[in-house]
Amino acid sequence: MRKGAWLSTMTESFRSELFRHARLQQFVPGQIIYRFGDPVGGMYGLVAGSLTVNSAPPDAIPRLIHVGMPGAWTGEGPFLTGRPRRVELRALGGALMMHVPLDALEQMAARDPGVSRAIGMNAVFTVDVLVRIVHDLQTRDVGRRIASVLQRTGWLGDVAIPLSQTDIGIMANASRQQVNAAMQRFADAGWVSYTYRSIAVTNAQALRRYSEGDGSE
């Protein structure tokens, strides 16, 4: 957890204080961690497993937009705004998570004003991920969009994750037929392996080069 994108940039004193308040929680596959509109709450860090981030405007049904990776944290919104949850978080293949309650975060901030800035930095990393998602979706070629989505799931490493081709299609704004054709090409190239309901990325760098137009199958 210390090596994640956010905590690796924080001071050791902040990390130690955060971990002191953290409690491990286990979630089974498909279990909802929190929903859009849920009351204010604390932050969650993914220790092991996988989870999906589902979001949409307030008047629409949340859709799958991202797959969380170990070491990542989320849920800082209520601390920063005092308002309810704005996304839905769901365990994918099961998840072991650290949970730091909201009152613990507020106590930390009361003792050290720098804590608020430190927690706010996680929102910046979240925005970086969202910018990447938008950038990938602006790719006109559907095969390259699908490669981008697969490459992002490759952040989890060379492990099978329970995503279906329909899930990939939602994330890439592509039909299931388009995803199926792309998956076959990518598997033939040795970039991915897959079954009906699981996908493993075996060459994330090749997928990224292809998605950027710098590679070929």
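Side notes on the structure shown:
- Of all residues in the stretch 93-119 being within 17 Å of the chain's Cα centre (by Cα) and open to solvent by less than 40 Å² (accessible area, probe 1.4 Å), the one that is modelled with the lowest pLDDT: Gly94
- Comparison of Leu46, Leu64, Leu7, Leu18 shows that the only residue that is open to solvent by less than 40 Å² (accessible area, probe 1.4 Å) and touching a Ser or Thr at 6+ places or on another chain (Cβ under 6 Å) is Leu64.
- Residue selected from the stretch 194-208 under the condition open to solvent by 40 Å² or more (accessible area, probe 1.4 Å) and under 21 Å from the mean Cα position of the chain (by Cα), by the criterion farthest from Val159 (Cα to Cα): Arg208
- The single residue among Ser55, Ser16, Ser50 that is among the polar types (S, T, N, Q), modelled with pLDDT of 95 or more and either within 18 Å of the chain's Cα centre (by Cα) or farther than 30 Å from Arg145 by Cβ (or both) turns out to be Ser16.
- Across the stretch 141-156, a minimum of one residue is classified as among the hydrophobic types (A, V, I, L, M, F, W, C), under 29 Å from Gly4 (Cβ atoms) and open to solvent by 40 Å² or more (accessible area, probe 1.4 Å).
- Hits in the stretch 77-91 (condition: open to solvent by less than 30 Å² (accessible area, probe 1.4 Å) and touching a residue at least 60 places away in the same chain (Cβ under 8 Å)): Ala91
- Candidate set from the stretch 120-129 (those that are touching a residue at least 40 places away in the same chain (Cβ under 8 Å) and within 14 Å of Ala72 (Cβ to Cβ)); member that is least open to solvent (accessible area, probe 1.4 Å): Asn122
- Scanning the stretch 161-190 for residues that are open to solvent by 40 Å² or more (accessible area, probe 1.4 Å), of a type in the set (Ser, Thr, Tyr) and either touching a Ser or Thr at 6+ places or on another chain (Cβ under 8 Å) or at pLDDT below 95 (or both) yields a total of 1.
The values are calculated or read from the model by the stated rules, or taken from the named source; none is laboratory data. In this text, all values refer to a predicted model and were calculated from it rather than measured experimentally. Glycine gets a Cβ as well: all are built from the backbone with ideal geometry, and neighbour counts include every protein chain shown. We work out accessible area using only protein heavy atoms, side chains counted, and drop any ligands, DNA or RNA first. Shrake-Rupley method; radii C 1.70, N 1.55, O 1.52, S 1.80 Å.
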